[in-house]
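Computed from the coordinates by the stated procedures, all read-outs in this text should not be read as laboratory data. Because the structure is a prediction, the values reported are computed rather than measured. Don't worry about glycine lacking a Cβ; one is built from the backbone with ideal geometry, like all the others, and counts go over all protein chains shown.
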Amino acid sequence: MISFASGEAAPSFDHPLEMLHACHGKIKRQLETLQKLSAHLPEHGCDKQSQQAAQSILRYFDTSGQFHHQDEEENLFPTLLTMNAPDKKQIETLISRLLAQHVIMFAAWDDTRAVLAKLAEGVNAQLPEALVEKLIGTYTEHIHFEETELLPLSARLLNPQQIMQLGKCMAKRRGVKFPATPAG
């Protein structure tokens, strides 16, 4: 399984599977901020801290969070699906499940995003606990599934050229130049 020791440098685009893993940590931190915001609002309302937290969560999920899903749906999943591997049926089932989870997560995000947008603008709005729990629960389950199934399978099946191509696509999506040579 892909893992990082604390204090390790962030992965680069020439290690795209590690980048996908690292993104999960960032998603978890945003979800923690959402949970803190939910606890903060009843007592403090839409104060400056609430606005900043809402803006931060929106910024992350509207940019990096979307890139993460695009990396999977537009690059990683299609690459895995075109492989002629003995576990082809397992790959198809896995990706089908992940795509179904994406649909549920996007719906939960849309509902939560509507409230966060109001808070980010300084409008006092209710952030229902059920909404927060649904978003956190769907992401937590999804991340666990990707970390225990998708990423280990991808690391096992993808060859160096496929990994490099995935990294190039991820860098291009973000407007970043792919490293021509490994950093050293």
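Overview of values
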item: Charge dipole (debye, nearest 20) of segment 32-184; +1 at Cβ of Lys and Arg, -1 at Cβ of Asp and Glu; result: 620
item: Within straight-line cross-link reach of residue 177, lysines at Cα separation under 25 Å, skipping those fewer than 8 residues along the same chain; result: 26, 168
item: In sequence order, calculated HN-Hα J values of segment 95-108 (Karplus, 6.51, -1.76, 1.60; Hz; x Gly/Pro); result: 5, 4, 5, 5, 5, 5, 5, 4, 4, 5, 5, 5, 5, 5
item: Label zone at residue 40, where the point sits 7 Å out along the Cα-to-Cβ direction: segment 102-122 residues whose backbone N lies under 19 Å; result: 112-122
item: Residues of type aspartates and glutamates that residue 172 reaches as a straight line, Cα spacing below 18 Å, ignoring anything fewer than 8 places off in the same chain; result: 14, 18, 62, 71, 72, 73, 74
item: Which label in (i) 18.0, 56; (ii) 19.2, 62; (iii) 15.2, 45 gives the computed Rg and Dmax of the Cα atoms in Å; result: (i)
item: Residue-span extension gain [residue 33 to residue 107] - 0.36 nm each, minus C-alpha spacing; result: 24.7 nm
